[in-house]
Amino acid sequence: MIQKDKNLREIYVWQLPVRVFHWVNAFVITILCITGFIIGDPPAIQHATAPSHNYWFGIVRFVHFFAAMVFIVNYLVRIYWLFAGNSFSVLRNYYPLTKKQWRGIKETLKVDVLLITKNPIYDIGHNPLAATTYGGLFIIMILQIITGAMMFSVQSNAFWAPAMQDLLIRFNGFFPIRSLHHWLMWAFVLFAIVHIYLVFYHDYIEKNGIASSMIGGWKFIAQPIAEDYEKEQALRKDVEHLEKEKHNKK
Ligand code: HEM
Ligand code: HEM
């Protein structure tokens, strides 16, 4: 990879598991929204053909459930990576608990939403506002899995089904759970529209290759920010090395 602008440096940001998670997730969510929308509002063509040719709705439901399984497994891998990944993909990025993150959210809102300043904030990983929305999406993903499993449990003999059936009864049955599952679909649709717009907006404004970074893993970062990051990494390595030596001497 050759970067011709001397003021920018390449930094490897998104490791392979994050990129695989992202594209599998984006693909299955699209499938789940389309099939879920059809399940919620089926067109009246079911009666148009003979019963032997009339299993299309069963196929739609099967595709929804199969995509749901892929969605769950993919998410479990990402949860593992929230603890095992590099500094850009670990859990603490996604929930704003520090003053620095809140300041970052305020500054990003000024650029992206309120449009009162043109000076973008340069981050290597997610900016704090984007990271917080991903943190919110991670919670919505859990809710979607639980509400989906509650509905699926009535047709399942799996070991977890009785617990989910109890939960379904506790929450007053199908109607509220199905409605919640339905409305959460719109949260994914809204997120995807805003997310894709903002990714390309930032790519254009910051010229940091952010859109393609989710494919290759690399971003173009301003020289001073990249140097600070590399110094921090070197320092962290030194500390880890010293700690290991101390541990070995004991
Ligand atoms: C992004 C994730 C998902 C989206 C957007 C989504 C969307 C939907 C929608 C819109 C419906 C129709 C609800 C209605 O009646 O209006 C539905 C039904 C359903 N979904 Fe999902 N879903 C997702 C994930 C899951 C998961 C992870 C599971 C299983 C664990 C699941 C299981 C079900 C079941 C069992 C039904 C009812 C099917 C039926 O009665 O025919 N969904 N889904
Ligand atoms: C053309 C389509 C898309 C492109 C180019 C794209 C690109 C990106 C990029 C560059 C990032 C990192 C941005 C940042 O630092 O804030 C990202 C993160 C993310 N995107 Fe997308 N995206 C697309 C579609 C989607 C869709 C459809 C979904 C799901 C509905 C999605 C969900 C996410 C999530 C959850 C993250 C956070 C990933 C993580 O930290 O693990 N993306 N995307």
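Every read-out reported here was derived from the displayed coordinates using simple, explicitly stated rules and does not represent laboratory data. Owing to the predicted nature of the structure, the values given are computational and were not obtained by experimental measurement. Because the Cβ atoms are built from the backbone with ideal geometry, glycine has one as well, and the counts that use them run over all protein chains shown.
With each label modelled as a point 7 angstrom along the Cα→C-beta vector, the Trp102-Tyr12 pair spans 3.7 nm. Using a cut-off of 25 Å between Cα atoms, the listed pairs Lys110/Lys219; Lys99/Lys231; Lys118/Lys237; Lys110/Lys207; Lys99/Lys207 include Lys118/Lys237; Lys99/Lys207 as exceeding that distance. Calculated FRET efficiency, Ile146 to Glu232, Cβ-Cβ distance, R0 = 51 Å: about 0.85 to the nearest 0.05. With viscosity 1.002 mPa s and temperature 20 °C, the Kirkwood radius over alpha carbon pairs of the chain converts through Stokes-Einstein to a diffusion coefficient of 101 µm²/s. If R0 equals 35 Å, the separation of the Cβ atoms of Val239 and Tyr134 corresponds to a calculated FRET efficiency of about 0.75. Could you compute the net charge surrounding Glu107? Neighbours are other residues with a C-beta less than 11 Å from the C-beta of Glu107; K and R count +1, D and E count -1. For residues surrounding Glu107, the net value is +2.
Would you kindly state how much longer the chain becomes between His22 and Asp203 on full extension, computed as 0.36 nm times their sequence separation minus their alpha carbon distance, in nm to one decimal?
Length difference between fully extended and current span is 63.4 nm.
For a paramagnetic label modelled on Trp183 (point 7 Å from Cα along Cα→Cβ), amide N atoms under 17 Å away belong, within segment 144-159, to 144-148. Return the distance in nm (one decimal) between the two label points of a simple spin-label model at Val63 and Ile79, each offset 7 Å from Cα along Cα→Cβ. Placing both labels 7 Å beyond Cα along the Cβ direction yields 2.8 nm. Set against the 2.2 N^0.38 Å expectation for a compact globular protein, segment 95-147 has a Cα radius of gyration ratio of 1.32.
With contributions of -39500 (n - 2.57) from each DSSP H run of at least four residues, the per-residue ellipticity at 222 nm computed over the chain stands at -23500 deg cm²/dmol.
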